[in-house]
1. Could you tell me the calculated FRET efficiency between His177 and Leu33, based on Cβ-Cβ distance and R0 = 51 angstrom, to the nearest 0.05?
2. Structure shown: which of Lys44/Lys75; Lys43/Lys138; Lys37/Lys69; Lys69/Lys138; Lys64/Lys138; Lys37/Lys64 lie over 25 Å apart, alpha-carbon to alpha-carbon?
3. Over the alpha-carbon set of the stretch 155-246, divide Rg by the Kirkwood Rh and report the Rg/Rh ratio to two decimals.
4. Could you work out the relative contact order of the stretch 155-246, using alpha carbon pairs under 8 angstrom and six or more residues apart, expressed as a whole percent?
5. Which loop trypsin sites (Lys or Arg not before Pro) in the stretch 169-247, with loop taken from DSSP, have no more than 15 other Cβ atoms within 10 angstrom of their Cβ?
6. So if each residue of separation counts as 0.36 nm, and I subtract the Cα-Cα distance between Asp233 and Glu107, what length gain in nm does that give?
7. How big is the C-alpha Rg of the stretch 12-87 next to the rule-of-thumb value 2.2 N^0.38 Å, as a ratio?
8. What trypsin sites (Lys or Arg not before Pro) does the stretch 10-109 have in DSSP loop regions with at most 16 other beta carbons within 10 Å?
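We did not get these values from a lab; they are worked out from the coordinates using the rules stated. The model shown is predicted, which means the values in this text are computed figures rather than measured ones. Ideal geometry is used to build each Cβ from the backbone, glycine not excepted, and the neighbour counts take in all protein chains shown.
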Amino acid sequence: MYQTMLIILTTDNYYFNRIWQDIFVCEDENELLAITKENNTCKKRTEQFNYGLCHTYICAEYRKYPLCKFQLKAKHSSDGTYQLYLSGSHDHQQRNTTARLPSPIREVIIRLSDNGIVTSKINKVMKALHPDLSIVTKVMNVARVQRQKDRSSVKFIQDLQQWCLLRQNVPPPNKQHDIFIPYYVANDVDDLFICLTTRQLLYVCKYSSVLAIDCTYKITTNELSLLVFGTSDYNRRFYPMGICLIS
Ligand SMILES: [Zn+2]
């Protein structure tokens, strides 16, 4: 006997009988963007059909209100316009349960952190005030985020300037891997450029004339950009020459 396997493909539209209402023709992409924004939506997906592209937008607050069924669909016509369809309406009755601390408690933590109280002390205070809440990691998170916001603090910049100053000189030849700072500007956390390298890194690159640069960000506590620069050889091997912390 042959076994038959039945595969049923469904999309979210089948869970909820959607009725699409033809509402508007947008002249161009800008108008479409304005309308989707006005309707508090964000793009969910783009599909390619015979007639062209079709964008689907869902409630921008879908994480907060998972029951909200509001959607927009924009079909791109060959003349550049977008036919807009609407389905459902915003339903923000039921909020998703959240692990976030209630605002009044967050405010107390932020105030304590602003006053220079260390996290362990804040934890003790919060435990005494709210013995029923298990909030140790959350206190740490709130306090950490708050410190990041306050990243231009004088203490941070002074420490950083001092750190750079101590590493300005090129290390002796027997210290190939010691970090030094050939150039730096550290006036403020928003006016920062610190170049770090070692003798070894510079030595490897001395015959190359190719410079490759790439940048990443948000990997440091202060969310500064980290620029990596180096060179490569004929085998496409990358040789780092140093990094720069910039803002
Ligand atoms: Zn909504």
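1. Values: r = 51 Å, r/R0 = 1.00.
Here the calculated transfer efficiency is 0.50.
2. Details: Lys44/Lys75 14 Å; Lys43/Lys138 31 Å; Lys37/Lys69 16 Å; Lys69/Lys138 31 Å; Lys64/Lys138 19 Å; Lys37/Lys64 17 Å.
From Lys44/Lys75; Lys43/Lys138; Lys37/Lys69; Lys69/Lys138; Lys64/Lys138; Lys37/Lys64, over 25 Å: Lys43/Lys138; Lys69/Lys138.
3. On the way: Rg = 14.2 Å, Rh = 14.1 Å.
Reported Rg/Rh, Kirkwood definition of Rh: 1.00.
4. On the way: 166 pairs, mean separation 21.0, N = 92.
Relative contact order for the stretch 155-246 comes out at 23 percent.
5. Numbers: sites: Lys175, Arg199, Lys206, Lys218, Arg236, Arg237; in loops: Lys175, Lys206, Lys218, Arg236, Arg237.
Answer by residue number: Lys175, Lys206, Lys218, Arg236, Arg237.
6. Working: separation 126, 0.36 × 126 = 45.36 nm, distance 5.40 nm.
Length difference between fully extended and current span is 40.0 nm.
7. Values: Rg = 12.2 Å, N = 76, 2.2 N^0.38 = 11.4 Å.
Computed over Cα atoms of the stretch 12-87, the ratio equals 1.07.
8. Working: sites: Arg18, Lys37, Lys43, Lys44, Arg45, Arg63, Lys64, Lys69, Lys73, Lys75, Arg95, Arg100, Arg106; in loops: Arg18, Arg63, Lys64, Lys69, Arg95, Arg100.
Counting only loop positions with at most 16 other Cβ atoms within 10 Å, the trypsin sites (Lys or Arg not before Pro) in the stretch 10-109 are Arg18, Arg63, Lys64, Arg95, Arg100.
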